[in-house]
Amino acid sequence: MSEMTERIAALERAAREAIDAAATTLELEDARVSHLGRRAPLPNLLRGVAELDPAQRAQVGRAANEARRALEEAIERRGGDLAQAELRARLIAEGVDVTLDADPLPAVGRLHLITQTRREIEDVFVALGYDVVEGPEVETVHYNFDALNHAPTHPSRLPTDTFYIDTGSGSPDIFAPDTPLLRVHTSPMQVRAMEAQPPPIYVIVPGRVFRPDSDATHTPQFHQIEGLAIDTDITLADLKGTLLTFARAIFGEQREVRLRPHFFPFTEPSVEVDVSCFHCTGGVTPDGQRCPLCKGTAWIEILGSGMVDPNVLLAVSDHGYDPERVQGFAFGMGIERIAMLKHGVPDLRLLYDNDIRLLEQF
Amino acid sequence: MRVPLRWLHEYCAPELTPASLAERLAMSGTEVERIEHHGVGGAEAFVVGRVLAAERHPDADRLRVCTVDTGDGEPSQIVCGAPNVAAGQTVAVARPGAVMPDGTRLKRARLRGQESNGMILAEDEVAIGTDHDGIMVLDDSLAAGTPLAGVLPISDDVLVVEVTPNRPDCLGIYGIAREVHAATGAPLAPEPWSQDPAPEGVLDAVRIDVRCPDLCPRFTARAFEEVRIGPSPPWLKARLMAAGQRPISNVVDITNYVMMLTGQPLHAFDLDRIAGARLVVRTAHDGETMQTLDGQTRTLSSGMVLIADGDGPTSIAGIMGGERSEVHSGTTRVLMEVANWDGANIHRTSLALGLRSEASTRNEKGLQPEQAMQAQAIATRLMIDLCGARPLPGTIDIGGDGPPPATIRLRDARVSGLLGVDVPRDRCAEILTALGFGAEPAPDGLDVTVPSFRRSDVTREADLIEEVARLGALDTLPATLPAHRARVDSDRRASVGLTAVQRLRRRVTDALAARGLHEIVGWSFEGPETAQRLGLAERPATALANPMSAEQSRLRTTLLGSLLDAGRRNRARGAGAVRLFEQGAVYLPGGGARPDEPYRVGALLAGPVRPATWRDPRPPASDFFAAKGVMAATLDAVRAPWTVRRGGEPFLHPGRAATVLVGDEVAGWLGELHPGVAEAWDWSDPVAAFELDLDVVARHLSVARYADLTSFPEVREDLAVVVADTVAASDVLDVVRQAGGALLAGAEVFDVYRDELRVGAGNVSLALRLRFRAGDRTLTDDEVAARRRRIAEALAQRLQGRVRDS
């Protein structure tokens, strides 16, 4: 072995020692620079190969190149190991207490139960082809009573049953058509809707209504949804089918409805509608008790309705509503009542208390 | 109305339990609110007894120790306190264990040392009268031990019926009996007025003058002599008691009894106290006064109808009699007045006087003239039978019967066309006949004659169809849906379901909820102090004429009051963060009688913007920019083109108040509340809020148009400009956008910097991010530089802004 190859072997040994001794990727880089860098002996030696006699040249050159390749491989290998170790150490250092609480996402708020219920009902009737129309909350005696066939003696007209607007001219004239009041039902919009649109008409009227009353089932303000369908051949059976569809959509597939005769000034015949109780079977709960929801009757009253009275149609006959040619039904329900029944809310006033702990439940 | 079943059964007695009868009535249109038990509970413990001996109690002067045979072998010892008890009497006895009308159970007792095995009864103790002066003494023919229930009506069930306003004929027992007959098929007894015992002749004991026949369609009077005033017999008292009426004396009881039976009010005058033997029915003079039966002095006004005698007013027509001419214990001659009044007029008078009576509640419903003579017939029979009275011949009858009965055609086709189910003609006739209508066959249906007692309720074919429906169709009605052949003619709006505004409301409220706000539903009402505290006292508001309370006496002009109320309530109950919104109308008085009702959405934020956590223990408080962020997210969700400008409502912090514009229209306000206002709702930390008029927002929404944002890259440039502190950021951006022209795709403020040394006192440096883009090419550096120069020049020129070198 020549002196030169002897030298190459020594350089390689020294470099290997340095590579093996490097404890970090930084130290390894230092070792690479000092043994394989531009100024390191082995590359310099390679550059000097040209000056050797041809007999030695090939041998020395091959030995030096082999040594360099071997060292580069060693650095690569060692570097990979060190990087792995360093990553492991870093990841261990980055550990967290995984049992701590998460970052909360922004909490989602809720629509009020009245709004949710209103939308649910609206959607049922929109799917049945109805338009949703709304009317003023401050109405007149004409639209609230007279045009709806309320006799002057009908008790709901009394100031004990209706809020009147203070017009600054003494006590309100409850018989004058223009006297302003807070509507006691959404029914005035029946008349306004028919004035605005000739038959056929299929509308529902959601909205806020007012009556001077306050207890567990009455608040001075509440919400109703009115329905009106007028066409040439609408029957009482159609009313029953429509409300059955509604009752099943809201209260469940198994529901039945029954029509009970009643009196409303603006419908003839008039019926109250009961839905079969969804809390019991035949008035008895599964544990054998008298059902608290339907009071053991197996039926729950949900709304009032009927065939639109010819007098109501006559009041808008100028708009194409001839009671000999068109007919239809109307109904009105309390949104809060539906919501309370469906969700078991015991006291109407809770819905107007707006306690966040209640609002969050729905 | 209270319907005692024993009384009802005299006219119609279906073989049904009270509950089944109530159900049948409810399903045919007569709502039964409840069934009440009247009188004693369980009749077995009540028997007829014979007093064998009645000795003075050894230790009590007022008590007697009686030995009573109650028919079960060994006589019982009963201590009795009644002054009239005596040996030999036949009496009513409650044995130990008896349940009294008030629900108490009678026990064996010891009274002052003497054993008492039951009770000898006074009429009030079994709720068949009000007399408590002594025990009832019964007919001696009754055997001891006879069940008392067979002798006296001591136990009854009462249907409490809600009579709808269209059915005044059901304000009498016989009217209810007719319904029961139609609903159950049980036979109906003949009308109780079919026999009239009054002698024919001409009555001249009084003269009657009706001066307002339109308000008094019929006035009838009969006179009776030799009247003996006294208590009514037990059966009558018991019926009145069960019907909820106190027995008073035979004549007064007769008027009440006949009213309960027929629905027609009557009034008994003491004939000798009618001054001048003359009654005038006329309208009152304004300010005229009279004293009514209840001892009150009433001031009348014109339009009210009264009955006057020679000394002035003696009755308020149809509502209440006067004290002066009342029947009293010494009365011997009675004038029985039964009249028909205009219902609306009675209603109005009763309302104006605040005076309601059994008579007024019936008269105001609009009774029929025929009922007057029906009531006279029954009353005459009872005056003879119960008061020993002798009717004077003749009846004064001014006005007579009502118009002849109407006949209405009920078409078969119309019945099935309206109901959606066929009801055979025979069945229709059967139902109508049971209800008292006449029904004759006609070519296409029936010719139906309306009885007088249904004259005002049934005037049209639809009314007849209701009768058929309630008794013959509802229980078999099929459930169908409308054929729904809605036409979409050129002049007719197509069905849209929800309108654009309604959809907008849903999207806006969904966006608010998605941002963590809870929806409340507040009152439309508020008190004047709400406006006061908001500094809006001068703003006009709609007031109620008859509010339930001062706190609910006006209609709100902003949603802020109810949001603050709800916020305060939640804060008081421990809620740290309050994030609420509300939607609904506010009421703004305009020109007309009715206020405008814009539909708004409002939001209120207080407390930390997000919950504190271990990573973020002190999140910032909700302030102006928190509220602005929620509002921006909401308006951006519906793509509303919005801006704000400084200054807003009086209830806002003057330096943190903004007016919100959508398009160029004012749509609402945004800001932190003035600390004084927040304080009025017990808030010491910042409260931020906004309110938007959604009708305004809806007017400025447009359909989004496609823009090519992806084919060519965007060039971003930053630019810092120093302007005076008084210049709003939005003014700067406006200038930038104008100068930037179409190539400027966006400009946002990303830093705000104040430093006396570097930007000068009274100045602010705004760092802007500018985004340039063209839809058809990649912009060159030169193009962008030219734009940037133009922007810098415009800022210098229009806002004296200085662009800092970056």
Whether any residue in the range B:283-296 is closer than 14 Å to B:Val338 by Cα and part of a loop (DSSP other than H, G, I, E, B) is what I want to check.
no
Close pairs from the range B:57-80: first closer than 15 Å to B:Ala45 by Cα, partner open to solvent by 50 Å² or more (accessible area, probe 1.4 Å) and in a loop (DSSP other than H, G, I, E, B), Cβ under 8 Å, at least 6 apart
B:Val68/B:Pro75; B:Asp69/B:Pro75; B:Thr70/B:Arg95; B:Gly71/B:Ala143; B:Ser76/B:Arg95
Can you tell me which condition A:Val191 does not meet? The list is (1) in a helix (DSSP H, G or I); (2) aliphatic (A, V, I, L, M); (3) open to solvent by 10 Å² or more (accessible area, probe 1.4 Å); (4) farther than 30 Å from B:Gly516 by Cα, and all the others hold.
(3)
Test each condition in (1) surrounded by fewer than 19 Cβ atoms within 10 Å (Cβ to Cβ); (2) within 27 Å of A:Asp101 (Cβ to Cβ) for B:Pro641 and report the one that comes out false.
(2)
Right, B:Gly602: in contact (Cβ under 8 Å) with a residue 12 or more places away in the chain and closer than 23 Å to A:Gly135 by Cβ or not?
yes
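Do you know which residues across the range A:208-218 are open to solvent by less than 10 Å² (accessible area, probe 1.4 Å) and more than 9 Å from chain B (Cβ to nearest Cβ)? Write out each step before concluding.
Taking the range A:208-218 as the starting set, the residues that turn out to be open to solvent by less than 10 Å² (accessible area, probe 1.4 Å) are A:209-210.
Scanning the range A:208-218 gives a single hit, A:Val209.
State all residues of the range A:320-334 that are in contact (Cβ under 8 Å) with a residue 40 or more places away in the chain and either in a loop (DSSP other than H, G, I, E, B) or within 10 Å of chain B (Cβ to nearest Cβ) (or both); if no residue qualifies, say none.
To start, the set of residues in the range A:320-334 that are in contact (Cβ under 8 Å) with a residue 40 or more places away in the chain comprises A:320-321, A:325-334.
A:Gly320, A:Tyr321, A:Arg325, A:Val326, A:Gln327, A:Gly328, A:Phe329 - these are the residues of the range A:320-334 that are in contact (Cβ under 8 Å) with a residue 40 or more places away in the chain and either in a loop (DSSP other than H, G, I, E, B) or within 10 Å of chain B (Cβ to nearest Cβ) (or both).
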When the range A:57-95 is examined, which residues are found to be closer than 13 Å to A:Thr24 by Cα and among the hydrophobic types (A, V, I, L, M, F, W, C)?
A:Ile75, A:Leu82, A:Ala83, A:Ala85, A:Leu87, A:Ala89
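Scanning for something open to solvent by 60 Å² or more (accessible area, probe 1.4 Å) and over 17 Å from B:Thr643 (Cα atoms), does the range B:728-735 turn up at least one residue?
Step one: of the range B:728-735, the residues open to solvent by 60 Å² or more (accessible area, probe 1.4 Å) are B:731, B:734.
Keeping just the survivors that are over 17 Å from B:Thr643 (Cα atoms) gives none.
For the range B:728-735, residues open to solvent by 60 Å² or more (accessible area, probe 1.4 Å) and over 17 Å from B:Thr643 (Cα atoms): absent.
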Check A:Gly109 against each of (1) assigned to a loop (DSSP other than H, G, I, E, B); (2) touching a strand residue (DSSP E or B) at 6+ places or on another chain (Cβ under 8 Å); (3) more than 7 Å from every other protein chain (Cβ to nearest Cβ) and name the one condition it does not meet.
(3)
When the range A:227-264 is checked residue by residue, the ones that are touching a helix residue (DSSP H, G or I) at 6+ places or on another chain (Cβ under 6 Å) and more than 7 Å from chain B (Cβ to nearest Cβ) are A:Leu228, A:Phe246, A:Ala249, A:Arg255, A:Val257
Residue identified as surrounded by fewer than 17 Cβ atoms within 10 Å (Cβ to Cβ), of a type in the set (Phe, Trp, Tyr) and touching a residue at least 40 places away in the same chain (Cβ under 8 Å) among B:Phe712, B:Phe750
B:Phe712
Does B:Asp475 meet the test of being out of contact with any strand residue (DSSP E or B) (no Cβ under 7 Å at 6 or more places or on another chain), not in a strand (DSSP E or B) and not polar (S, T, N, Q)?
yes
For A:Ser317, the lone unmet condition from (1) within 14 Å of another protein chain (Cβ to nearest Cβ); (2) open to solvent by 20 Å² or more (accessible area, probe 1.4 Å); (3) of a type in the set (Ser, Thr, Tyr) is (1)
Candidate set from the range A:156-182 (those that are closer than 16 Å to B:Leu351 by Cα and outside any loop (DSSP other than H, G, I, E, B)); member that is most open to solvent (accessible area, probe 1.4 Å):
A:Ser156
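Taking B:Gly118 as the residue in question, decide whether it is open to solvent by less than 20 Å² (accessible area, probe 1.4 Å) and farther than 21 Å from B:Ala243 by Cβ. Walk me through it before giving the result.
Working: open to solvent by less than 20 Å² (accessible area, probe 1.4 Å): yes; farther than 21 Å from B:Ala243 by Cβ: yes.
Yes: the conditions hold for B:Gly118.
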Go through (1) within 11 Å of another protein chain (Cβ to nearest Cβ); (2) open to solvent by 20 Å² or more (accessible area, probe 1.4 Å); (3) β-branched (Val, Ile, Thr) for A:Val271 and report which single condition fails.
(2)
If we take the range B:635-752, then helices (runs of 4 or more DSSP H) inside it with 2 or more residues that are under 30 Å from B:Ala585 (Cα atoms) are B:675-680, B:694-699
Are any of the residues in the range B:506-523 more than 10 Å from chain A (Cβ to nearest Cβ), without any contact (Cβ under 8 Å) to a residue 40 or more places away in the chain and on the phi < 0 side of the Ramachandran plot?
no
Among the numbered conditions (1) at the interface with another protein chain (Cβ under 9 Å from one of its Cβ atoms); (2) surrounded by fewer than 17 Cβ atoms within 10 Å (Cβ to Cβ); (3) more than 27 Å from the chain's Cα centre (by Cα), tell me where B:Asn570 comes up short.
(2)
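The values are calculated or read from the model by the stated rules, or taken from the named source; none is laboratory data. Remember, it's a predicted structure, so these values are computed and weren't measured experimentally. FYI the Cβ positions are ideal-geometry reconstructions off the backbone, even for glycines, and counts take in every protein chain you see. Note: accessible area is taken over every heavy atom of the protein model, side chains too, but ligands, DNA and RNA are not part of it. Shrake-Rupley method; radii C 1.70, N 1.55, O 1.52, S 1.80 Å.
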